[in-house]
Amino acid sequence: MKFITAVHQGRALPGVLSPDESGVYFFKEILGEEGPDTLLSFIQLNEKIEDSNSEGIRDQSSRNTALEKIRRFISDSENIPVPLDQCVVLAPIPRPLRNIICLGMNYQDHVKELKGADGKPRPIPKVPVYFGKMASEIIGTGGVIELHEDATDSVDYEVELVAVIGKGGRNIAAEKAYDHIFGYTIMNDITARDLQGRHQQFIRGKSLDTFTAMGPAIIYKDAVDEPVELDLSCEVNGEERQTSNTRNFIFDLPYVISDFSKGTTLQAGDFIATGTPGGVGKGFTPPKYLKRGDKVVCKIEKIGTLCNKVEE
Ligand code: MG
């Protein structure tokens with residue numbers, strides 16, 4: 001199942017893609033008008049249902065959760081979806097719960113392409129490099145990236161796998177980490193390299209308006225094998241810049257979820273962005289930063305394609 005948020009007849013609504021991905025079934029049709037009106041609240045509600053069910057009901061098939069209702073609904077070919085060409089697809093969760101939890105330098109080839117202030121390659125991190133990315137409004141596929149030329153001259157792209165937390169918790173054991181994931185999506189962690197470097201901390205260079213693109217969908221976790229090993233890539237104007245597989249993480253998802261949750265409660269709806277592979281614009285000589293009119297396409301196997309244009 002792939003969950004999206006889309007505008008239809010003037011309303012932004014959560015829904016699920018039809019099996020052939022040409023249309024969407026909105027939750028209000030499946031769960032009624034009283035159902036969750038955002039994908040974030042759906043994920044939060046699902047956490048509560050899972051919690052109460054885990055008390056007594058062990059048999060998955062007897063659960064009458066919203067998820068099961070949705071699964072049954074989309075498998076019934078008599079239910080006709082709304083064609084996607086009648087909708088505008090937004091980011092799956094356009095307004096996040098709080099800052100996105102991000103990893104820096106989590107692929108070896110990306111660490112190698114980044115030079116320190118002394119011009120020498122950086123060492124491979126021994127502990128995860130965490131930072132927060134602020135986005136009051138996340139843009140979706142088709143959203144326009146602003147260049148903010150009065151603030152930066154070096155806007156870069158970064159394709160990343162994002163894990164969406166479905167079940168919160170603190171001190172989560174690595175062996176239980178996947179139980180806490182709801183699903184996965186694609187992020188372009190757009191970055192102002194000059195601001196990132198100048199201010200020491202990353203939040204400024206990572207948080208300009210339109211610098212977080214996500215989507216097109218959150219794929220439910222049962223469609224992705226564990227451990228998560230997915231091909232990912234990014235191309236700019238048809239030129240492939242980044243290509244890797246998430247098996248190349250320096251710190252994998254179970255480790256990161258376990259490590260970050262030591263003393264910090266993760267919440268349903270939190271995003272964990274897992275870092276980007278080599279091939280970012282900054283890694284080229286001379287650098288290949290984004291320019292007006294560029295088309296950036298981020299792809300992750302199974303999840304889909306996140307496509308954004310830079311402002312003209
Ligand atoms: Mg990044």
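Computed from the coordinates by the stated procedures, all read-outs in this text should not be read as laboratory data. Here the structure is a predicted model, which means the values were calculated and not measured. Cβ: placed from backbone, ideal geometry, glycine included. Neighbour counts: every protein chain shown.
Excluding same-chain neighbours fewer than eight residues apart, the lysines reachable from Lys291 by a Cα-Cα span under 24 Å are Lys115, Lys133, Lys206, Lys282, Lys299, Lys309. Would you kindly give the portion of the calculated P(r) for the stretch 156-312 that falls above 21 Å, as a percent of all Cα pairs? That tail contains 47 percent of the Cα-Cα pairs.
Taking the Cβ of each residue in Cys102, Cys87 as the centre, tally the other Cβ atoms inside 10 Å and list the residues starting with the fewest. Please list the in-between numbers first.
Numbers: Cys102 26, Cys87 20.
Placing the least packed residue first, the sequence is Cys87, Cys102.
Sort Lys126, Lys262 by Cβ crowding within 10 Å, fewest neighbours at the top. List each step's numbers first, then the result.
Working: Lys126 6, Lys262 9.
With the fewest neighbours first, Lys126, Lys262 line up as Lys126, Lys262.
Its Kirkwood hydrodynamic radius, worked out from the mean inverse distance over all distinct Cα pairs, puts the stretch 1-51 at 11.3 Å. Distance between the pseudo-spin-label points of Ala66 and Lys176 (7 Å out from Cα toward the beta carbon): 2.4 nm.
Per residue and in cubic angstrom, what volume does the convex hull of the Cα atoms of the chain have?
Details: hull volume 42.2 nm³, N = 312.
Here the figure is 135 Å³ per residue.
With contacts taken as Cα pairs under 8 Å at a separation of at least 6 residues, the stretch 150-241 carries a relative contact order of 29 percent. For Lys126, the aspartates and glutamates whose Cα comes closer than 19 Å to its Cα, not counting residues fewer than 8 places off in the same chain, are Asp109, Glu113, Asp252, Asp259.
Return the calculated 222 nm mean residue ellipticity for the chain, to the nearest 500 deg cm²/dmol, obtained by summing -39500 (n - 2.57) across DSSP H runs with n ≥ 4 and dividing by the residue count.
On the way: 7 runs with 57 residues, N = 312.
Helix-only estimate at 222 nm: -5000 deg cm²/dmol.
Mean sequence separation of contacting Cα pairs (under 8 Å, at least six apart), scaled by the length of the stretch 60-142, corresponds to a relative contact order of 36 percent.
Please order Leu45, Leu195 by the number of other Cβ within 10 Å, starting at the fewest.
On the way: Leu45 16, Leu195 21.
Final ranking by Cβ density, sparse to dense: Leu45, Leu195.
According to the calculation over all Cα-Cα pairs in the stretch 2-89, the P(r) per 10 Å bin from zero is 17, 47, 28, 8, 0 %.
Contact order normalised by length for the chain, with contacts defined as Cα pairs under 8 Å and 6 or more residues apart; what percent is it?
On the way: 726 pairs, mean separation 71.4, N = 312.
About 23 percent, as a whole number.
Pairs exceeding 24 Å between alpha-carbon atoms, taken from Lys176/Lys221; Lys112/Lys221; Lys48/Lys176: Lys112/Lys221.
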